[in-house]
Amino acid sequence: MGRGGGPAKGSVLVTFYRSYLTAGDTGPVDALIRAFREAGFAALGAFVPSLKAPGVADWLSAHLSQCAPVAIVNATAFSARDDAGRTPFDAASCPVFQVALSTARRRDWAASERGLSPADLAMHVVLPEVDGRLFAGIVSHKSPGKRHPALQFSRFAHRADAGRISAVVDRVTHWHRLAATPAADRQLAIILSTYPGRAHQMAHAVGLDALASTERVLETLAAHGYATAPGAPLPQALGETLSWPLVDYLASLQSLPESLRDDLHRAWGDPAADPLVRDGAFHFAATRRGHVLVGLQPERGEVATRDSDYHDLSRTPRHGYVAFYLWLRSERLHALIHMGAHGTLEWLPGKSVALSDTCWPEALLGPTPVIYPFIVNDPGEAAQAKRRIGAVTLGHLPPSLAQSCLPPELHRLERLLDEYSTADGLDPARRNRLISAIRDEAAASGVAADLGLPVHATPAEAITRIDRFVCDLKESQYGAGLHVFGKGEGEIEGLLASLDGRRVAPGPAGSPWRGRQDVLPTGRNLFSVDPRAVPSRNAHAQGVKLAEELIRRHLQDHGDYPRGLVVDLWGSATMRTAGEEFAMALHLAGLAPRWDDGSARVSGFEVIPLALLGRPRIDVTLRVSGLFRDVFPGLAQLFEAGAEALSGRDEPPEDNPYITRTARVFGPKPGLYGLGMGTAADTFTDEARAAAGEAWLTASSWAIGPDGQSHEARAALEARVLAADSFVHAQDLPETDVLIAADYAAHEAGFAAAVARLGGAKPTLYHIDATRPDTPQARTLTEEIARVVRARAANPHWAEGMMHHGFRGGAEIAATLDHMAAFAHLAQVVPPHLFDLYHDATLGRDEVRDFLQRENPAALAAMEDLFRRLRDAGLWQTRRNSIAARLDGAA
């Protein structure tokens, strides 16, 4: 152990491998210790064979108890947890920061969109998160030294990166500043998300009442000595603004790297033209509550032009967004709390992980400590915040589950089905009358349309499907209301600990409503899975189930196997399920993962012979999200390698479509995320639908090859899209549904718009309900939307639950209609009677209308306007004169 002096900021312990010392390869460690001493800390170095080596934990724990460092910076790899869940750092209450010693050369890192190789990502980022460490960044690169003239040898070694080491020290210093400042003197900001162009949707967070949560946090802070102050209710207070002079912005802008300033100018031009600027100043939606600033994250903006010269600038944040974060930096905040999942800062352009100073998230945020209450079932987006803005992600509960009930308009249908089920011994005439009555009632109630049931369907098929749908409704569950942060065990404790600059215990991410009781208690720092262990053995078994269910449904609907299938894969779901959906795709192709002996790591694949498969191989194309691309590059490589192996097999082309070799894994351009549809999903014109389809294609046009590298392949993508007759997305969370968030419509219905944009035949869109692992169900998208509308959206109990949440409850009621409309516009998969049902359950009820008028009148106006626009665009023709009269009366 090396010991160094220094003034009284406290000590920082830097832990590293003994092998670095014995190899004379301590350059980055020496540089870290030197930089911490220069920053005023007493820096110490401790070398170990491994943090899990026998005796190390006891030795290190004793030292930590004695010296009480203010921070630990760990330069070893992997997790150090033992079988009991303990780590050698547990004796210290301070935060533990993780740094990465990259195995790549500096020039390769500088040019890389990924930032770290898959192996470095797992060793230096993912697995250390299991211990609760905070990723602080990269500190070195591997490169050769000068060639020894006698030995004719150049030694590869870790070369310190001075700029990155400075950034790490700044980050640790700011966390120490937070810890060392008395609570009464801490300056904080609580940031809430916005929804582009929709003021009535402000403070959106998945499953969370972010406004009520902020008020609760403010009350908690006041009770623990923070200098807060009362104020108007947040929905009103955030209608006001705080200003920052444009001249101050222009001065602060000089602190950004020149390349970012150039991008900003090329994309957005004169800052004075920004929508937030008036009278020579930016005006931000924000309010002060004593030493706590509460503000709305501005809209990031979308560059209007799509010319090729500007394509790379399409996600450059606008001046008002940049100004907001530079203004917060000027406020000298001690910490920033982002309330709920999720904001846009961590999704700005730049490297996926191990960011540089020219990556937008780091450029705007700098070393400011970030504390991020995050829904516990969303590991992917939480990982993005951890890895790109260094956040402590505090898990919070999702909304509790409520049991649905059969809606009154289907009670007669249920009675007829019950009577039919007991009619086996009755005379054929009565059975036939019951069959006719059931089918007539299903048609009258809209159930036949929900199921896409053809008039020529046999009685056996019709009755079975109608009965199954009614049972599905009775068995459905939905998220009741919204969670308020602090009402879950551990949530407030985690917040206060992080604000004190103390270590927060790690906790896994997942849904407690899908059997993951290990995610409780919440309030812990979330971690996710090792990407090298995906799919797990259990996930593979479940993926086989999903694949067989999808094939069963396709055979039922079409009498044949899918001709071509696009599988939609999201990073967060893959983390949450350990790869069930990817395993489904493998099994559809007739492939299976292979694991290392005695290990959970996936080492390759096996080809399932056709004789064992018992069916043709399904022609699968994967469309992966940006997060999936970043976190699971190995899975993309695995699928491409499997397709390559299948192309060389001596099998009939009708049984093996992989004989034709082509790219099969597509996603967004490296460094970009999301689909970028803008207003196209909400503008009900043919031109807007074509634009939405084009956005889907543009954001999916980069193929990931067998080497893991992405390259533009628009023509190959179009060929795969046009060759597909089906599309599938699987959903594993019981507390959410297709009408909860805009992403479902953008991805699932967006594919239909993409096919239409290319002039292809209308594909069948499937949605697999995997919320009950034992009984997954594949439904058409129309059938799934109908189930959600009848079980949750048109259920008066759901609206009543939302009415306990004031402004945010009103916003959620309006959002469900937004998402229904997007599905109707992009894919024509919402029958008109479903809009009737939702209107009846919301604007057709005086108590709901009065609630909206009182708590969120802009949401009420938006819903009235949207219903009218749907009607005017021909996407909804109500069958009820009363609704038509009310719409005309509200105009």
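The values are calculated or read from the model by the stated rules, or taken from the named source; none is laboratory data. Small disclaimer: the values here were computed from a predicted structure and weren't measured. Cβ placement follows ideal geometry from the backbone for every residue including glycine, while neighbour counts extend to all protein chains displayed. Only protein heavy atoms, including side chains, enter the accessible area calculation; ligands, DNA and RNA are left aside. Shrake-Rupley method; radii C 1.70, N 1.55, O 1.52, S 1.80 Å.
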statement: Looking only at lysines whose Cα falls under 21 Å of residue 146's and that sit 8 or more positions away or on another chain, we get none
task: Using the Karplus curve 6.51 cos²θ - 1.76 cosθ + 1.60 with θ = phi - 60°, work out ³J(HN,Hα) for each residue of segment 30-44 in order, rounded to whole Hz, and write x for Gly and Pro.
output: 4, 5, 4, 4, 5, 5, 5, 5, 5, 7, x, 9, 8, 8, 10
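Sort 130-137, 536-543 by packing, meaning the average of other beta carbons within 10 Å per residue, with the highest value first. Intermediate results must be reported in sequence, preceding the final value.
Details: 130-137: 24.4, 536-543: 20.0.
In decreasing order of mean packing, 130-137, 536-543 become 130-137, 536-543.
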- line: For the chain, the percent of accessible surface on carbon and sulfur atoms (probe 1.4 angstrom, ligands and nucleic acids excluded) is 52
statement: Expected sort for 405-418, 807-820, 695-708 on mean C-beta neighbours within 10 Å, highest first, is 807-820, 695-708, 405-418
query: Say each of residue 655 and residue 775 gets a label point 7 Å from the Cα, pointing the same way as Cα to Cβ; how far apart are those two points in nm?
result: 3.5
Global form of segment 821-874, assessed from the alpha-carbon gyration tensor, a/c cut-off 1.5: prolate
query: With every protein chain left in place, what is the accessible area of residue 219 in Å² (1.4 Å probe, nearest 10)?
result: 120
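Pick out, in residue order, every one of the trypsin sites (Lys or Arg not before Pro) in segment 134-176 that is DSSP loop and has at most 14 other C-beta atoms within 10 Å; say none if there are none. Walk me through the numbers before you get to the answer.
Details: sites: 142, 146, 147, 155, 159, 164, 171; in loops: 146, 147, 155.
Of the trypsin sites (Lys or Arg not before Pro), the ones in loops of segment 134-176 whose Cβ has at most 14 other Cβ atoms within 10 Å are 146, 147, 155.
For segment 164-285, what class follows from the C-alpha gyration tensor (a ≥ b ≥ c being the square roots of its eigenvalues): rounded when a/c is under 1.5, otherwise prolate if a/b is larger than b/c, else oblate? List each step's numbers first, then the result.
Details: a/c = 1.93, a/b = 1.19, b/c = 1.62.
Taking the square roots of the gyration eigenvalues as a ≥ b ≥ c, segment 164-285 is oblate.
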message: Just to confirm the number: angle between the C-alpha axis of helix 411-421 and the first principal axis of the chain, 0 to 90 degrees, nearest 10?
response: 70
- line: Residue span residue 597 to residue 110: 0.36 nm per residue of separation minus Cα-Cα distance leaves a gain in nm of 171.7 nm
- line: The long-range amide H neighbours of residue 400, using H built 1.01 Å from N in the peptide plane and a cut-off of under 5 Å, are 480
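For the peptides 177-187, 833-843, what is the packing order when you average, over each peptide's residues, the other Cβ atoms within 10 Å and list the highest mean first? Numbers along the way, then the final one.
On the way: 177-187: 15.7, 833-843: 22.1.
Descending mean neighbour count gives 833-843, 177-187.
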task: Figure the gain on full extension for residue 62 and residue 709 (residue separation times 0.36 nm, minus the Cα-Cα span) and round it to one decimal in nm.
output: 228.3 nm
- prompt: Using a Förster distance of 56 Å, how high is the FRET efficiency between residue 86 and residue 273, based on the Cβ-Cβ distance and rounded to 0.05?
  reply: 0.50
- prompt: Taking the Cα centre of segment 59-168 as the origin and placing charges on Cβ (Lys, Arg +1; Asp, Glu -1), which of 88, 70, 117 is farthest toward the positive end of the dipole?
  reply: 117
query: Sequence-distant or interchain residues sharing an amide H contact under 5 Å with residue 71, placed H: which?
result: 13
- request: For helix 686-698, report the angle its Cα long axis makes with the longest principal axis of the Cα atoms of the chain; keep it between 0 and 90° and round to the nearest 10°.
  value: 40
task: Rounded to the nearest Å, what's the spacing between the alpha carbon centres of segment 8-23 and segment 871-891? Just the number, please.
output: 71
- prompt: What are the aspartates and glutamates whose alpha-carbon lies under 12 Å from the alpha-carbon of residue 762, with same-chain residues fewer than 8 places away excluded?
  reply: 725
message: In whole Hz and in residue order, list the ³J(HN,Hα) couplings for segment 519-536 that follow from phi through the Karplus curve 6.51 cos²θ - 1.76 cosθ + 1.60, θ = phi - 60°; x for Gly and Pro.
response: 7, 9, x, 7, x, 9, 7, 5, 9, 10, 8, 6, x, 6, 9, 10, x, 6
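How long are the three semi-axes of the equivalent ellipsoid of the chain, in whole Å, if each is the root of 5 times an eigenvalue of the C-alpha gyration tensor, listed from largest down? Working shown, then result.
Details: eigenvalues 437, 230, 134 Å².
They are 47, 34, 26 Å, listed from largest to smallest.
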message: Give the separation of the Cα centroids, segment 401-465 to segment 609-642, in Å.
response: 39
- prompt: Relative contact order for segment 1-146: what is it in percent, counting Cα pairs under 8 Å that are at least 6 residues apart?
  reply: 24
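Measure up 386/669; 52/386; 474/545; 386/545; 386/487 against 27 Å on the Cα-Cα distance and list the ones that go over.
Details: 386/669 22 Å; 52/386 24 Å; 474/545 23 Å; 386/545 33 Å; 386/487 23 Å.
Over 27 Å apart, Cα to Cα: 386/545.
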query: Pairing the Cα long axis of helix 379-389 with the longest principal axis of the chain, what angle in degrees results, from 0 to 90 and rounded to the nearest 10?
result: 30
query: What number, rounded to the nearest 500 deg cm²/dmol, is the helix-based mean residue ellipticity at 222 nm of the chain, given -39500 (n - 2.57) per DSSP H run of at least four residues and division by all its residues?
result: -12000 deg cm²/dmol
query: In a shell of Cβ-Cβ distance under 15 Å around residue 484, excluding residue 484 itself, what net charge do Lys and Arg (+1) and Asp and Glu (-1) give?
result: -3
- prompt: Percent antiparallel among DSSP beta bridges with both residues in the chain, to the nearest 5?
  reply: 40
message: Going by amide H atoms built from the backbone, whose H comes under 5 Å of the H on residue 135, apart from near neighbours?
response: 98
- line: the chain accessible area per residue, 1.4 Å probe, protein heavy atoms, integer Å², reads 37
query: Expressed in nm to one decimal, what extension gain is obtained for the pair residue 143 and residue 401 from 0.36 nm per residue of sequence separation less their Cα-Cα distance?
result: 87.5 nm
task: Rounded to whole Hz and in sequence order, give me ³J(HN,Hα) for segment 866-871 from the Karplus expression 6.51 cos²θ - 1.76 cosθ + 1.60, θ = phi - 60°, writing x for Gly and Pro.
output: 5, 4, 5, 5, 4, 5
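If I take every Cα pair under 8 Å that is 6 or more residues apart in segment 381-481, average their sequence separation and divide by the length, what percent do I get for the relative contact order? The partial results should precede the final answer.
Working: 71 pairs, mean separation 44.4, N = 101.
Result for segment 381-481 is 44 percent.
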query: Magnitude of the Cβ-charge dipole of segment 436-526, K/R +1 and D/E -1, about the Cα centre, nearest 20 debye?
result: 340
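I'd like the Kirkwood hydrodynamic radius of segment 574-653, using the inverse of the mean 1/r over distinct C-alpha pairs, in Å.
Values: mean 1/r = 0.0741 Å⁻¹.
This gives a value of 13.5 Å.
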